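Accompanying notes for the structure given below.
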Amino acid sequence: MRQSSRLALCIAMVVSCSACGNLYMHSDQREEQAKQLEESWDGVQLDDYFSSWKTRRADYTAAMLHAVEERQRAAEVAMRAALVGTCVAAGDNSLARLIDERQRSYIKQSCKTSACSDEMLHNVRTLADAESKIATDRSDQEVLRLHLRALGVRAPTCAGLNAALGEAKDQDVVDALNALNGQCLQAASAERDAEAVRTWLKTTAASEWTTWSKISEERKRQKEAERTAAESLAAYKSALAAYQQAVDHAAATRETGVHLTEATDKLREALTAIAGNEQAIADAAQLRIARIDAVLAGLGGNRGEGEPTSGKAAALLFNRVVVAASDQAAASLSAPSLTLKRDLDQQQFAQAERLLTFRRAKIALLDQQLRYELNELTGLLNGSSHLATVDPAFSQVRLDDVMAGTLPREPRDSVSTCRETVPFHVPTDVRSAVFAATNNLLRSVGRDHSEVARVEVLLTSLDNERWSAEQEAYLERHITVIDALVGQTAMFGRGGQRYTDYANPVQALLLLFIGKGVN
Amino acid sequence: MRNILVVTLLAMVMSACQTPPEAMRAGEAGVVMTSALHESVVRYDSQLQATLTKQLMQLEDAGESAGFDNAAGEQASRAAGQHRSLALIAQLRESSDLSRRDVELGRARSLAAQQLRERLTAPLAKPNDKLNASTNAFAQFTSELSDQERARIAFEFARGLYREVKADQPATTSPLTAVNGNAAAKP
């Protein structure tokens, strides 16, 4: 009897010391290894590294924006210089030719097909004419309204003209109102023309104009993503419910057969369908986070933060499907594992949200770019329109002479191909039209194009930021997992039963043994 | 009693040589994961370096082009001095002043560009050495395993945990370094 009780005690101690996972002997060497591991991992500071790259990207973008500004200003200077000695409209380097060439090269660069080029030029010209006409009509309307006020009557808006005409008695007032009516009708007609072109631009030209087609594609993709996000999320929820039923059934019947495999496959398919759709990824991640939170709450609210992950539980958990298992199955896993899974899902959710923000920012920038491109083109076309009003007698006159307002009596040099045998006086309307056309060309080369180029730099920068954000999120997922592994390994290294833990009991046993010997 | 003590000490010695399987798995997982992270960091770094190199060339092109246009503008505006067109000459003089000022500032600007290049291309403190140290530290926990056992654990790991992380791996090539990629600004 005594022998058997000794044997039982021996076995119990052997089991307690070696067989049970947590009751292993402490090792100073392992502790040192754990310390080295923690120290080396603490030194891996990816946040600092990422932020260094971010600063570099920002520095580059700032330098590029500055260079773009400088380059456009220099291009304007060069264009000003190129205009010296040129004719108004005759010859290869005339103002008219420079404007025309820039228009054509702009259209060629922005359009995908030559058919688009011709039609686009015609339509944007119509738009420019209409907008110019609207501006002139509005300015004339304001003059007439001032006149009406001077006559002592209220100046009506275009919409209130009929009522004002009905009330007017004085002939001067009636004449002024009729003139105003004429301006309003012209402005309305020009507005209709402009609107027709805008509609054409939005519909037909959308696929031909490079920037417009990029916007259309982005918008289409966004709409499609919004539509499929709802569909694929619904499919995911349904597959999730079916999977849960299959798990419950398997638990009740102790059968893990075809039914469960099919449900698992369907759930995997639903997850695959979500891939690439940021909105659906964010929604599905939120769903999983809520589910994990519910399970954690069921475990007593202990999320086990800072605790290492159980390797066994982690191996099970790191299949996304497992989180979809029944609450009982999930609850059998340890809280730290769930916390780790939750962290990964939270990262995935944040990343999907970031990508959605990038997509929206890209559309906003493309919108800006299109607006600036049309501004630039409209400015050039307006320049052409101004030149079209100039008396052809001045087309072969030097540009700088027209601007000076007087013409030389004799040729000054043999370089200029412009004829200088035209009127000796330049009418004001000719001067102002040539001035306006020149300014339009210079603004197009300088300020307007600078805005287009600036947006292009920002778009490139956005693409780079998006790519970097994707890579960094991917690396951060590694870090989250390694953090847990370091914690688990370090805890093992530091833990274990120490000899000192046994010193007192062993000493007590020895004393008993000695006491027994003495007695 | 003596038997108890002997067996107890024996068990303690035996257990001291053992590493629980979970710790081994975590150690091997750590080796795989830190190595994968190291590779990804190297890839991320080389892609960003390539992008930056390409972008710096574009930046220099833009600067050179501006310098060329400025020089052309200045030369032409000197010639324009002979003409009588007051308005255009005034505009050109203004341009010429700007251009001359730019030329005067040219040296300072090129120095600034050089400093920017140096700042942007200076080697960054990469976490590679520390990552290598972490991989080695993890490996110490699995040093008792045979190669075969390590391969088995790594395979199991790849099927589970690593696959979870790899699921969201984005395109590794930056759009700016890809052939026919997004062209940078053409001011």
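Of the residues making up the stretch A:434-459, those that are more than 9 Å from chain B (Cβ to nearest Cβ) and either charged (D, E, K, R) or closer than 30 Å to residue A:345 by Cα (or both) are A:443, A:447, A:448, A:451. Quick check on my filter: what residues within the stretch A:364-374 are touching an Asp or Glu at 6+ places or on another chain (Cβ under 7 Å) and surrounded by fewer than 17 Cβ atoms within 10 Å (Cβ to Cβ)? If the condition is that a residue be touching an Asp or Glu at 6+ places or on another chain (Cβ under 7 Å) and surrounded by fewer than 17 Cβ atoms within 10 Å (Cβ to Cβ), then no residue fits.
Mind checking which residues of the stretch A:221-245 are basic (Lys, Arg) and surrounded by 13 or more Cβ atoms within 10 Å (Cβ to Cβ)?
From the stretch A:221-245, those basic (Lys, Arg) are A:221, A:223, A:227, A:237; that's our starting set.
The answer is A:237, and nothing else.
Going by what's in this entry, would residue A:193 be described as over 30 Å from residue A:123 (Cα atoms) and surrounded by 12 or more Cβ atoms within 10 Å (Cβ to Cβ)? Judged against the criteria, residue A:193 is not a match. Among residues that are touching a residue at least 60 places away in the same chain (Cβ under 8 Å) and either outside any loop (DSSP other than H, G, I, E, B) or not charged (D, E, K, R) (or both), residue A:173 is not included.
Quick test of your reading of the structure: residue A:108 fulfils all but one of (1) under 15 Å from residue A:437 (Cα atoms); (2) within 14 Å of another protein chain (Cβ to nearest Cβ); (3) under 34 Å from the mean Cα position of the chain (by Cα). Name the failing condition by number. With (1) under 15 Å from residue A:437 (Cα atoms); (2) within 14 Å of another protein chain (Cβ to nearest Cβ); (3) under 34 Å from the mean Cα position of the chain (by Cα) applied to residue A:108, the lone miss is (1).
Results for (1) in contact with a Pro (Cβ under 6 Å, 6 or more places away or on another chain); (2) within 30 Å of residue A:75 (Cβ to Cβ); (3) at pLDDT 90 or above, shown as yes or no for each residue.
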| residue | (1), (2), (3) |
| --- | --- |
| A:445 | no, yes, no |
| A:460 | no, yes, yes |
| A:469 | no, no, yes |
| A:480 | no, no, no |
| A:492 | no, no, no |
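Whether a residue is more than 25 Å from residue A:130 (Cβ to Cβ), surrounded by 12 or more Cβ atoms within 10 Å (Cβ to Cβ) and in the same structural domain as residue A:127 (by TED's automatic domain parsing) was assessed, and residue A:151 passes this test. Restricting attention to the stretch A:203-220, does a residue exist that is touching a Cys at 6+ places or on another chain (Cβ under 8 Å), part of a helix (DSSP H, G or I) and buried (at least 17 other Cβ atoms within 10 Å of the Cβ)? Yes: the stretch A:203-220 contains one or more residues that are touching a Cys at 6+ places or on another chain (Cβ under 8 Å), part of a helix (DSSP H, G or I) and buried (at least 17 other Cβ atoms within 10 Å of the Cβ). Summed over the stretch A:75-89, the residues that are crowded, with 19+ Cβ neighbours inside 10 Å and either over 13 Å from residue A:446 (Cβ atoms) or over 38 Å from the mean Cα position of the chain (by Cα) (or both) give a count of 8.
Looking at A:183, A:171, A:103, just one residue is surrounded by 17 or more Cβ atoms within 10 Å (Cβ to Cβ), at negative phi and not assigned by TED's automatic domain parsing to the domain that holds residue A:463, and that residue is A:183.
Every condition in (1) modelled with pLDDT of 85 or more; (2) farther than 30 Å from residue A:282 by Cβ; (3) at the interface with chain B (Cβ under 10 Å from one of its Cβ atoms) is met by residue A:429 except one, and the failing one is (3).
Being surrounded by 20 or more Cβ atoms within 10 Å (Cβ to Cβ), more than 30 Å from residue A:276 (Cα to Cα) and among the polar types (S, T, N, Q): is that true of residue A:389 here? Walk me through how you get there before you give the answer.
On the way: surrounded by 20 or more Cβ atoms within 10 Å (Cβ to Cβ): no; more than 30 Å from residue A:276 (Cα to Cα): yes; among the polar types (S, T, N, Q): yes.
Judged against the criteria, residue A:389 is not a match.
I'd like the full set of residues that are among the basic types (Lys, Arg) and either over 22 Å from residue A:375 (Cα atoms) or part of a loop (DSSP other than H, G, I, E, B) (or both), limited to the stretch A:82-126. Within the stretch A:82-126, just A:112 meets the criteria.
Does residue A:462 satisfy the criteria of being more than 9 Å from every other protein chain (Cβ to nearest Cβ) and either under 31 Å from the mean Cα position of the chain (by Cα) or not in a helix (DSSP H, G or I) (or both)?
Yes, satisfied.
Applying the criterion of at least 3 residues that are of a type in the set (D, E, K, R), touching a helix residue (DSSP H, G or I) at 6+ places or on another chain (Cβ under 9 Å) and at pLDDT 65 or above to the helices (runs of 4 or more DSSP H) found wholly in the stretch B:40-158 leaves B:147-157.
The values are calculated or read from the model by the stated rules, or taken from the named source; none is laboratory data. Note that the structure is a prediction, hence the values are computed from the model and not measured. When we count neighbours, we look across all protein chains shown, and the Cβ atoms used for this are built from the backbone with ideal geometry, even at glycine.
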